[in-house]
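*Asks:* For reference, the structure I am asking about is given below.
The values are calculated or read from the model by the stated rules, or taken from the named source; none is laboratory data. Please read these numbers as outputs of a predicted model, since none were measured by experiment. Neighbour counts are summed over all protein chains in view; Cβ atoms, including those assigned to glycine, are modelled from backbone coordinates with ideal geometry. The protein model used for the area step is the full one, side chains on, heavy atoms only, and it has no ligands, DNA or RNA in it. Shrake-Rupley method; radii C 1.70, N 1.55, O 1.52, S 1.80 Å.
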Amino acid sequence: MPNKVYVINKHGRPLMPCSPAKARHLLDEGKAKVKKRTPFTIQLVYGSSGYTQEVILGVDAGSKTIGMSASTTKEELLSAEVKPRNDVVDLLSTRREFRRAQRNRKTRYRKPRFDNRVRSKHKGWLAPSVEVKIQEHITSIKRVCRILPVSKVVIETAEFDLQLLKAIEEGKPVPQGEDYQQGEMYGHYNVRQYVLWRDGYTCQCCGAHATKKKEVRLHVHHLESRKVGGDAPDNQVTLCESCHEKLHKGLIAEKDFKKRKRKSTRDA
């Protein structure tokens, strides 16, 4: 972070920052007081002209790290990296587990109140994990605007063409036009049905195959936990009921069948 002391006037409005030496003189002479220690900010106790320069705040939006830089035409006044919360998915998953476990305990059980879930049906609703990241960006910008006279905010956003990245990785033709509307699960009811069809209705561990003459109960297993890897098709694999039960009991290892091919694209 640049060696600057941030200044606000007696009414709480931000002014241009000053050097540590000048801030020390203002504090010694009783013309200013310490307002905040991180970042170090002083507040003037007398009236000032309020002259400011044009300050542009650049924000590099990100899922795990937010980059921020405020500068004038001559120098950089502030640079920071903000790490937003990434524990919302784990907290919600843990809460869901506790609520499900409560049904098997002999304790008071609150009846489900479906009115509380109507928010998910509203247009424009976002997942809590996404919503908290957006709010972190807004809060970080507001914090900078409290200590610097920001006149313009420039946010750099990146768009990821996940279908194109997947096609290049697998050596398939580049998607064009209607290909973007017909993804890998096109024509399938849900992810589970697609995973079973992709694996040929065959257990990927022992090779058991469901036919008209032979009935094999097939399950869909998450290679990585849903907390970590989500419900993407490449994170799921087809197993028969027997192999699925042995896997969770530790009798067989995950190395006996296919591993996840690609990393999770949740951040993208």
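*Asks:* Among bridges DSSP assigns within the chain, what percent are antiparallel (round to 5)?
*Replies:* 75
*Asks:* Filter the cross-link list K83/K142; K10/K74; K83/K152; K4/K74 down to pairs whose alpha-carbon distance in this structure exceeds 18 Å.
*Replies:* Numbers: K83/K142 16 Å; K10/K74 27 Å; K83/K152 23 Å; K4/K74 14 Å.
Distance filter (> 18 Å) returns K10/K74; K83/K152.
*Asks:* Over the stretch 1-102, what relative contact order in percent results from Cα pairs under 8 Å that are six or more residues apart? Walk me through the numbers before you get to the answer.
*Replies:* Numbers: 149 pairs, mean separation 21.2, N = 102.
It comes to 21 percent, rounded to a whole number.
*Asks:* Angle between the Cα long axis of helix 88-102 and the longest principal axis of the chain, 0 to 90 degrees, nearest 10?
*Replies:* 50
*Asks:* Where nothing but the Cβ of Lys and Arg (+1) and of Asp and Glu (-1) is charged, how large is the charge dipole of the chain around its Cα centre, in debye to the nearest 20? Mind dumping the intermediate values first?
*Replies:* Details: 54 positive and 31 negative charges, 385 e Å.
Roughly 1840 debye for the chain.
*Asks:* Probe of 1.4 angstrom, ligands and nucleic acids ignored: what's the accessible area per residue over the stretch 117-192, in square angstrom? Please list the in-between numbers first.
*Replies:* Values: 6060 Å² over 76 residues.
Counting only protein heavy atoms, the per-residue value for the stretch 117-192 is 80 Å².
*Asks:* Non-local amide H neighbours of L78 (under 5 Å, H modeled in plane, Pro and chain starts lacking H): which ones?
*Replies:* Answer set, sorted by chain and number: A70.
*Asks:* Same structure again: Mind grabbing the accessible area of V228 for me, 1.4 Å probe, Å², rounded to tens?
*Replies:* Number for this one is 90 Å².
*Asks:* Could you compute Rg(Cα) / (2.2 N^0.38 Å) for the stretch 209-252, with N its residue count?
*Replies:* That ratio works out to 1.31.
*Asks:* Right, here's the next one. Mind sorting out which of (1) 137; (2) 205; (3) 265 is the real volume of the Cα convex hull per residue in Å³ computed from the coordinates?
*Replies:* Of the listed options (1) 137; (2) 205; (3) 265, (3) comes from this structure.
*Asks:* Would you mind calculating the relative contact order of the chain from Cα pairs under 8 angstrom and at least 6 residues apart, reporting the percent as a whole number? If you can, show how the numbers build up before the last one.
*Replies:* Details: 333 pairs, mean separation 40.1, N = 268.
Contact order relative to length: 15 percent.
*Asks:* Same structure again: For the chain, with all protein chains present and a 1.4 Å probe, just round the carbon and sulfur fraction of the accessible area to a whole percent.
*Replies:* With neighbouring chains kept in place, the figure for the chain is 51 percent.
*Asks:* If you place +1 on the Cβ of every Lys and Arg and -1 on the Cβ of every Asp and Glu, how big does the dipole about the Cα centre of the stretch 1-108 come out, in debye to the nearest 20? Before the final figure, lay out the partial values.
*Replies:* Details: 22 positive and 10 negative charges, 241 e Å.
Computed about the Cα centre, the dipole is about 1160 debye.
*Asks:* Same structure again: Whole-Å semi-axes of the stretch 1-64's equivalent ellipsoid, largest first, each the root of 5 times a Cα gyration tensor eigenvalue? If you can, show how the numbers build up before the last one.
*Replies:* Working: eigenvalues 116, 40, 23 Å².
After scaling each eigenvalue by five and taking roots: 24, 14, 11 Å.
*Asks:* Give the angle, between 0 and 90 degrees and rounded to the nearest 10, that separates the Cα long axis of helix 128-147 from the longest principal axis of the Cα atoms of the chain.
*Replies:* With both axes taken from Cα atoms, the answer is about 10 degrees.
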